[in-house]
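Any read-out appearing in this document is the output of simple, stated calculations on the displayed coordinates, not a laboratory observation. All of these numbers come straight from a predicted model, not from anything done at the bench. Reconstructed Cβ throughout: ideal geometry from the backbone, glycine too, with neighbour counts over all protein chains shown.
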Amino acid sequence: MLTPAVSVIAVFIFVPMALTIWLSFHEWSTQTGFGAARYVGLRNYEDLFGPISVGRDFQRAFLNTANYTALSVLIILPLSVLFGLMVHQRRVAGGHVLRAILFSTYMVPMIAVALVWSKLYSPTEGPINQVLSWIGIGPQPWLSSPDTALFSIVILNVWQQIGYFTVLVIAGLTQISPSLYEAARIDGANRIQEFFGVTLPLLRRTLLFSAVIAVINAVQVFEPVALITQGGPANATNVLTFHIRRVGIERAQGGLGSAMAVMLMLSLIVIIALLFATARQKEER
């Protein structure tokens, strides 16, 4: 019964993964067929972690991706919990409207989001700098400065993704029995104690799932970089997905690009495994 589904997965997922791993041990130009690939062993991986320019560019892209992922997750998870609590509460009207507004941002294609935010970040006529000028803050470089470009892309990603993760938190909140809050209030717990003693522990599985999805989404960032910054300024936003495309397709270094893709996949597997291991340890305690 599982054969049709497993066959589709094998053709479109496992076969490309195996081919990418195989190519990572070869020197191969994307302008030639697979038969022209020449086995070079671990040389591609040695170049990635070596002192040559190929290694320096990869290491910078890897660091940019790690920073982007960490910032995105650290901002998205607390905000999703905050918005989830705001939407889930019933004392103030408008929760359904707020839910629709938040989730609508996730429905907008990332290409459209990137184009709109590139105008919002404009240093001269951009609305963000105009608003800042009203409170006495001078124009900020945003995408044109290596110090702020990556964080600007992070804010763009948070705006687009926050609605989806808020819905996940709301789903988790609906699974918490009201009787637990009643018992906490009987014991004299205040709102803050209810949150840290009841809500947050029972949201642990939801937050774990959200963290995994947020990490996967973050390491795959491509459209904002490709459309707005092209990896600049000074490689400040040159993330791995964009760098893999640049090396593997534009420079036709398919073997080297495959090695980068394998390293990205391995890093993602390690991060997700650590998240699950940490969550399992906390549950055992």
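Ranked by the mean number of other Cβ atoms within 10 Å of their residues, highest first, the peptides 224-237, 247-260 come out as 247-260, 224-237. For residue 13 and residue 104, the FRET efficiency from 1/(1 + (r/R0)^6), where r spans their Cβ atoms and R0 equals 22 Å, is about 0.10. Just to be sure I follow: if Rg is taken over the C-alpha atoms of segment 153-233 and Rh is the Kirkwood radius over the same atoms, what is Rg/Rh? Taking Rh as the inverse mean 1/r over Cα pairs, Rg/Rh reads 1.19. The distance from the alpha carbon centre of segment 111-166 to that of segment 11-73 is 31 Å, rounded to a whole number. Of all complete DSSP H helices in the chain, those with a Cα span along the helix axis of 24 Å or greater and a mean Kyte-Doolittle hydropathy of -1.0 or more are 53-88, 149-174, 254-284. Can you match Kirkwood radius over Cα pairs in Å to one of these, [x] 20.5; [y] 19.0; [z] 21.8, based on a calculation from the structure here? Given [x] 20.5; [y] 19.0; [z] 21.8, the structure-derived one carries the label [z]. The slack in the chain from residue 70 to residue 111, taken as 0.36 nm per residue of separation less the alpha-carbon distance, amounts to 12.5 nm.
Projecting the Cα atoms of 52, 63, 183 onto the charge dipole of segment 19-284, computed from C-beta unit charges around the Cα centre, puts 183 farthest toward the positive end. Under a model in which nothing but the beta-carbon of Lys, Arg (+1) and Asp, Glu (-1) is charged, segment 19-284 shows a dipole of about 280 debye around its Cα centre.
Spacing of the modelled spin labels on residue 42 and residue 21, each 7 Å from Cα toward Cβ, amounts to 1.7 nm. Legend: ranking of residues 96, 243, 26 from fewest to most surrounding C-beta atoms inside 10 Å; resulting order 96, 26, 243. Provide, for q = 0.12, 0.32 Å⁻¹, the log10 of I(q)/I(0) from a solvent-free Debye sum over equal Cα point scatterers in segment 140-193. Log10 I(q)/I(0), no solvent term: -0.55, -1.09.
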